[in-house]
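So the structure is just underneath, and the comments pick up after that.
The values are calculated or read from the model by the stated rules, or taken from the named source; none is laboratory data. None of the values given here were measured: they were computed from a predicted structure. Ideal geometry is used to build each Cβ from the backbone, glycine not excepted, and the neighbour counts take in all protein chains shown. The protein model used for the area step is the full one, side chains on, heavy atoms only, and it has no ligands, DNA or RNA in it. Shrake-Rupley method; radii C 1.70, N 1.55, O 1.52, S 1.80 Å.
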Amino acid sequence: MAHNKNILQDSHGRTHTYLRISLIERCNLRCSYCMPEKGVQLSPKSHLMTYEEIFEIAKTFVKHGVNKIRLTGGEPFIRKDIPVILEKLASLPAELSITTNAIIIDKFMDVLKLHGVKKINISLDSLNREKFKHITRRDQFDIVYKNLLLLVEENFNVKVNVVLIKGFNDDEIVQFINLTQNLPITVRFIEFMPFDGNKWDMGKLVSYEKIMDYVNVSFPKENIQRLQDAPNDTSKNYKISGYKGSFAIINSVTNPFCDSCNRLRLTANGQLKNCLFSSTESNLLATLREGKSIEPIIHKAVQTKLKMRGGMDTLEKLQEPKRHNNNRSMITIGG
């Protein structure tokens, strides 16, 4: 390691081995919890990382111990040079995965296979076509569902991410779990999180307890299996016995997993965020373009990572809007 110290270890003893890279701020959907209704101010193209810059930055992180890279967006597949990005990153000794809304993923099956990308996370918040249209402001449910089945058929490891919003899709929890009866997928229920412009409030949150209430009422107790969670896992994992797939609950608001956090985020315009909830960012791209080493900036960003949720260590703090209005909207952070 440079300077005989791990620049990816923070002051709370957490070592960061997982980098999420947003490739693009644009998306072909308009999900309300991700993007404010009036849209967002996008970075000019010249402010976004080129594929060479993405590769250079990723290479530095891998050199210091990152062994997992996830590509996000916006919608990563609308970036024209994604085949080149996948090719470059696949040459690094790190596991490569991708998060997508699956609208155009069918066109990239061969590219993904070629570069060994096995793990695909699909964002899908409703199994009801009208509701899907309402939340995404686009009528694309049938395409997404067809591509989900296609990915399973092509032996990809598929996770479905469902952001739960009370009174909107919490009545579909059981329906989503039933998807795992015949499909070897993991459905992950994610708590609605606060970002700029997404009208977040605590009342829209569906807690872990509430989700398990639905599960306990709908399935015989002896059929609900608690699975072993992986180290650094953000989710509590379950399975209904006899079902091919499993389901998980990610409660980043009510019961955060900050103690074992091992992830860092790189935005499409080259800013390093040390926490999803953090309102501060470190500009790696400007330094890289000046021809200087980005290692000191990475080290400093990791060192200043707060112990919990970007400093919002109580639910009271989380409920103060001014604390997350300085944060970007989700679309410009990258899922």
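For segment 150-196, the per residue solvent-accessible surface stands at 36 Å², with DNA, RNA and ligands left out and a 1.4 Å probe.
How long is the gain from VAL84 to GLN175 if the chain were fully straight, where each residue apart is worth 0.36 nm and the alpha carbon distance is subtracted?
Values: separation 91, 0.36 × 91 = 32.76 nm, distance 3.80 nm.
Roughly 29.0 nm would be gained on extension.
Each residue, LYS133 and HIS115, gets one label point 7 Å from its Cα in the Cβ direction; the gap between the two is 3.5 nm. Given a cut-off of under 8 Å on Cα pairs at least six residues apart, what relative contact order in percent is computed for segment 1-155? Reported relative contact order: 24 percent. Note on LYS5 and GLU53: with the Förster distance fixed at 22 Å, the Cβ-Cβ geometry gives a FRET efficiency of about 0.30. Each DSSP beta bridge with both residues in segment 1-142 is either parallel or antiparallel, and the antiparallel ones are about 5%. Solvent-accessible area of segment 91-210 (1.4 angstrom probe, protein heavy atoms only): carbon and sulfur portion equals 50 percent.
The LYS300 and GLN228 beta-carbon pair, evaluated with R₀ = 45 Å, returns a calculated FRET efficiency of approximately 0.80. Rounded to the nearest 0.05, what FRET efficiency do HIS12 and LYS292 have when you use their Cβ-Cβ distance and R0 = 22 Å? FRET efficiency, HIS12 to LYS292: 0.20. Taking Lys and Arg as +1 and Asp and Glu as -1, the other residues whose beta-carbon sits under 12 Å from that of ALA286 total -1. Taking other residues whose beta carbon is less than 9 angstrom from the beta carbon of LYS210, and scoring Lys, Arg as +1 and Asp, Glu as -1, yields -2.
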